[in-house]
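Take a look at the structure set out below.
The values are calculated or read from the model by the stated rules, or taken from the named source; none is laboratory data. As the structure is a computational prediction, the values presented were derived from the model and not from experiment. Methodologically, a virtual Cβ is constructed for each residue, glycine included, from the backbone with ideal geometry; neighbour enumeration extends over all protein chains shown.
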Amino acid sequence: MSRLLVVAFVLASASGIACHKVEPQPREHAGSASPPGVAVPTAKSEADPCAKAEPEGPIAWIRDDYPAALACARARKQPLVLDLWAPWCHTCLSMQTTVFQDASFGPDAKRFVFAALDTDRDTNAPAIEKLALSAWPTFYVVGTDEAVRARFVGGASTAQFHAFLDAGAQAAGTLPEGPDAHLLAAERALALKDTATGEAELTTALATAPATWVRRPDALVSLAMAKAKRKDLEGCLALADKELDATGNTAAASDFLVTTMGCADDLLEAPGATKHADAVTRATALRTRAVTRWQALLANPTSPMSVDDRSDAMASLRETLDKLGKHPEAVAVAEKQRALLDQAATAAATPLAASTYHWPRAEVYVYLGKPLELVPALETSAAQLPKEYEPRARLGWVLMKAGKFGEAATWTDQALALVYGPRKARVLGQRADIAHGLGDAAGERTYREQVVAQLVSLPESQKSGDQIAHAKAALAALDAPPAKPAPAHAAKK
């Protein structure tokens, strides 16, 4: 979940590719008009609540039908595993095209029902209302009574996901005790957006757990996110001071750094903070420690992090290096990240798997000042995935960053014909930026009005007050009087 997809209570890791891996089933789902996957055997009856489960590697998934998935779980008397994901989320795609393709999940397919819910689809809004997202992806194990049995946020290694499933299976039978009981209580509270209770239970779980507790890194990430969500910057930074080096060697370690470095950024953005020597010194010290930690994590040969995890860690590392004024070192990291992603995209088994790397590749190519070099690869992806909006949206963004506004408009318009839900507002915002670049004031206004209308029209579980306020402010800014030129005497200074 590195960069926490982002750290994301709004923002933007997936994890380890295991040794024994089966080839992913080719599929296309992000913008597909019909359900993806392998055809369901005709022997299945329409009355069978499990009939929508379609094999994708060792696991059969029910996609975008929570009622059917729950009915299937009840019919089989098995816990339900939920993958709350989004088509634009590269961590989500990495989990689906790498981790979940591991043959070791074959036995799990027989003891759980698996369902994947695209959180951008309004048909999934009722389920998301019951089970909140902290970042993308968020995973749950729920019982047939819909009670939360386990929760995991972000990317996981194969081992981590097995531990998550085992915790869910155990809680579905006998409720856990000790730190696991407090972790479960926290997960249930956070599912209901009760951050205060979640934070209290996580704190107790960590205080009572042994140092070797297998869920410690996951609990630390959740606690850091809860403190960040509650704007407890002091508590977040104190947690970083204490636990920064004790979060293991998986993507969770990077996620913890991303979240706590976000708290450091917020501390410096507080009114007057940059003038306060203590705040600057504290943030600098934490960033310096984080750089060392990321470097060690990336150099660790035993880390199960996937390419996607490593890329995210590299991106976060270079961002922090830039904040420390070490731009040449940041550029060197970016070049390594670009090479890693290019190799992974070339070696990907399917076009969908290759699309996992679109966003990080686009971002690092733009960072290095080479956006147009990625255009051919994105054009190929768009041709291979005709029903997917993401390659087209990413092409539009890259071309916009390169100043090719006409071409950017063409590709972004194609994305707008396919995109839906909250992501449509993001793509409309991109189209407004392109109109601005073209000098099309009327077009920019139209698109910014559409951004507001799209965000306001979303189901409650998909709405973001911050996003609506930002979109309205961007629209209102179009009516602001132009800035007055500086006085002649001031310009000479």
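Where in the range 66-171 are there helices (runs of 4 or more DSSP H), lying wholly inside it, with at least 2 residues that are of a type in the set (Val, Ile, Thr)? Outline the logic, then answer.
Values: elements: 66-76, 90-97, 125-130.
The qualifying helices (runs of 4 or more DSSP H) are 90-97.
Would you mind listing the helices (runs of 4 or more DSSP H) fully within the range 203-295 where at least 1 residues are hydroxyl-bearing (Ser, Thr, Tyr)?
Result: 216-229, 251-269.
Go through 277, 283, 290 for me and flag whichever is in contact with a Lys or Arg (Cβ under 9 Å, 6 or more places away or on another chain) and of a type outside the set (S, T, N, Q).
Unique residue meeting the criteria: 283.
Tell me the residue from 199, 177, 129 that is modelled with pLDDT under 95, touching a helix residue (DSSP H, G or I) at 6+ places or on another chain (Cβ under 6 Å) and among the acidic types (Asp, Glu), please.
Of 199, 177, 129, the one residue that is modelled with pLDDT under 95, touching a helix residue (DSSP H, G or I) at 6+ places or on another chain (Cβ under 6 Å) and among the acidic types (Asp, Glu) is 129.
Conditions (1) under 17 Å from the mean Cα position of the chain (by Cα); (2) crowded, with 22+ Cβ neighbours inside 10 Å, marked per residue:
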| residue | (1), (2) |
| --- | --- |
| 224 | yes, yes |
| 229 | yes, no |
| 235 | no, no |
| 240 | no, yes |
| 244 | no, no |
| 259 | yes, yes |
| 270 | no, no |
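Taking residue 217 as the residue in question, decide whether it is surrounded by 15 or more Cβ atoms within 10 Å (Cβ to Cβ), of a type outside the set (Lys, Arg) and more than 16 Å from residue 140 (Cβ to Cβ).
Here the answer is yes, as residue 217 does meet what is asked.
Of the residues 156, 115, 150, 125, which single one is of a type in the set (A, V, I, L, M, F, W, C), under 20 Å from the mean Cα position of the chain (by Cα), more than 22 Å from residue 213 (Cβ to Cβ) and surrounded by 22 or more Cβ atoms within 10 Å (Cβ to Cβ)? Step through it out loud before you land on a result.
Values: 156 fails: more than 22 Å from residue 213 (Cβ to Cβ); 150 fails: more than 22 Å from residue 213 (Cβ to Cβ); 125 fails: surrounded by 22 or more Cβ atoms within 10 Å (Cβ to Cβ).
Matching residue, one of 156, 115, 150, 125: 115.
Of all residues in the range 296-315, which are in a helix (DSSP H, G or I) and buried (at least 21 other Cβ atoms within 10 Å of the Cβ)?
Those that are in a helix (DSSP H, G or I) and buried (at least 21 other Cβ atoms within 10 Å of the Cβ): 297, 307, 308, 309, 310, 311, 312, 313, 314, 315.
Select, from 362, 348, 334, 330, the only residue that is farther than 23 Å from residue 258 by Cα and either surrounded by 15 or more Cβ atoms within 10 Å (Cβ to Cβ) or in contact with a Pro (Cβ under 9 Å, 6 or more places away or on another chain) (or both).
So the residue among 362, 348, 334, 330 that is farther than 23 Å from residue 258 by Cα and either surrounded by 15 or more Cβ atoms within 10 Å (Cβ to Cβ) or in contact with a Pro (Cβ under 9 Å, 6 or more places away or on another chain) (or both) is 348.
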